Amino acid sequence: MRDGTSRRRVAITGIGVVCPLGSAVADVWDAMLAGRSAVTAREFISAATGTTLTIPAASVPDESLKPIPKASEVMADKFGKLALMAMQDAIADSGISLPQADRTRVGISTGTSMGGVIETDIGFNTIYVQKRPKVHPFTVIKTMFNSPASLLCTIHGLSGPVLSYGITCAASSVAIGEAARQIQHGYADVMIAGGTEAPLTYPAVNSWVSAQLLAPVHQMPAQSCRPFDATRNGTALGEGAAYFVLEEYEQARSRGARILVELVGYGVSTDSGHLTQPSVAGQARPMSLALADAGIAPEAIGYVSAHGTATKRNDATETQAIRVAFGKHAERLAVSSHKSMIGHLVGAAGAVGLLQCVMAVVTEKVPPTANLHTPDPECNLDYVPHVGRALPGLRGAMVNAFGLGGTAASLLVTRPH
């Protein structure tokens, strides 16, 4: 620790979300518990060639978009706008007064995989299709990965640690875990942490199709993404953002904050065997590290928000990895994947999984894996099919996020005490 004292505790006091199921936490949670899928068939057209691609995707509804300051509006790609919406809601939800806080001790930690890819697409179209000599003057600002954090700092005059991570699907989990460490080790008292992604543009979609990661559109499009199902054949893409206010526990308690959960464990490691093919050991390691970091036994955890991409290799590997990390207790875990309902939010996926964990502990209910109709013998855990269920006495939950390139991260929250 920076001052030689014991590690400080971390409370989560606020949540903000903008995703295909809405932009109010309570509404999103109710939709998740009901197993409602927002995945539809979406067509994307290349401005350069007119080529079309139709994929299963989940978009943020227009009615869920909220205003942000005009000065930020003109300098933000959609991934930045979604982030600012969710960050502002998380701050409001926490009840913290930033003007009265020591803003040198308030920081931001954010994750994304593709950054301002929509604005990048616009820039290429400007130069190569429209044959214009210059792109928009704010293109650099709009596309840089730290854009959301920088814009929020400007809005609120924050000067604490500002961190941005681009670690594919693990980006937001790492952002949250590293934010917690800033508080635990005394470098900050408050961190706004989470992730954002807006990849629904033709070039980004094309890259996912070319990598053979996406499912074909199902005859019932909402059922295109089927994690842990024997008939699964790929993921769907989604967009959205989720952010949290993390506070030093005693400070939060002293100001009378509503403490939703305590963030007690974080594990991050790299599966260096292959860039795209996960291993059991590589996925089990961050789970074990998070449990060790928290100093609690596997039996303290009742729910796991799985990475659950609905790809053949990942789902079977994650099942085995959970068994390795949790031992016999794996049989008693409830496990589910939100990608069945909102698609893969890539850099924001871990943050949405953490939202599920927080709400599961708060409400003592666990969300389902939608579209799980045909059990796969290789995926033999309790994946809570179709609709959520009550889980009385739930005290701890874990979220997994495993990125292309090998980075794997797990976060662990428990009921405050």
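The values are calculated or read from the model by the stated rules, or taken from the named source; none is laboratory data. Note that the structure is predicted; figures quoted are calculated from it, not measured. Positions of Cβ are generated from backbone atoms using ideal geometry, with glycine treated the same way; all protein chains shown enter the neighbour counts.
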Matching residues in region 158-184 - criterion: being in contact with a helix residue (DSSP H, G or I) (Cβ under 6 Å, 6 or more places away or on another chain) and within 15 Å of ARG103 (Cβ to Cβ):
LEU158, SER159, GLY160, PRO161, VAL162
Pairs under 7 Å by beta carbon, first residue free of Cβ contacts under 8 Å to residues at least 60 places away in the same chain in region 15-34, partner part of a helix (DSSP H, G or I) and not charged (D, E, K, R), six or more apart or different chains?
GLY22/VAL28; GLY22/ALA31; GLY22/SER64
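Conditions tested, residue by residue: (1) in the same structural domain as ALA292 (by TED's automatic domain parsing); (2) of a type in the set (A, V, I, L, M); (3) touching a residue at least 24 places away in the same chain (Cβ under 8 Å); (4) more than 20 Å from ALA215 (Cβ to Cβ).
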{"site": "HIS344", "(1), (2), (3), (4)": "yes, no, yes, no"}
{"site": "VAL362", "(1), (2), (3), (4)": "yes, yes, yes, yes"}
{"site": "THR369", "(1), (2), (3), (4)": "yes, no, yes, no"}
{"site": "GLY406", "(1), (2), (3), (4)": "yes, no, yes, yes"}
Output for Cβ contacts, cut-off 6 Å, separation at least six or different chains, first residue modelled with pLDDT of 95 or more in region 289-302, second β-branched (Val, Ile, Thr), reads ALA294/VAL264
Filtering region 124-157 for residues that are buried (at least 22 other Cβ atoms within 10 Å of the Cβ) and within 21 Å of SER97 (Cα to Cα) leaves a count of 4
Assess whether SER164 counts as being in a strand (DSSP E or B) and assigned by TED's automatic domain parsing to the domain that holds SER46.
yes
Confirm whether THR196 is of a type in the set (Val, Ile, Thr), touching a Phe, Trp or Tyr at 6+ places or on another chain (Cβ under 7 Å) and touching a residue at least 12 places away in the same chain (Cβ under 8 Å).
yes
Output the residues belonging to region 378-390 that are surrounded by fewer than 18 Cβ atoms within 10 Å (Cβ to Cβ), in contact (Cβ under 8 Å) with a residue 40 or more places away in the chain and not basic (Lys, Arg).
GLU378, ASN380, ASP382, HIS386, VAL387
Within region 38-71, track down each residue that is part of a loop (DSSP other than H, G, I, E, B) and either surrounded by fewer than 19 Cβ atoms within 10 Å (Cβ to Cβ) or not assigned by TED's automatic domain parsing to the domain that holds GLY240 (or both).
SER46, ALA47, ALA48, THR49, GLY50, THR51, PRO61, LEU65, LYS66, PRO67, PRO69
LYS134: passes all of (1) touching a residue at least 40 places away in the same chain (Cβ under 8 Å); (2) over 30 Å from ALA257 (Cα atoms); (3) outside any helix (DSSP H, G or I) but (1)
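Results for (1) at pLDDT 95 or above; (2) of a type in the set (S, T, N, Q), shown as yes or no for each residue.
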site	(1), (2)
ALA351	yes, no
ASN371	yes, yes
VAL387	yes, no
ALA390	yes, no
GLY403	no, no
THR414	yes, yes
When only residues in region 10-32 that are assigned to a helix (DSSP H, G or I) and touching a strand residue (DSSP E or B) at 6+ places or on another chain (Cβ under 6 Å) count, which is farthest from GLY238 (Cα to Cα)?
VAL25
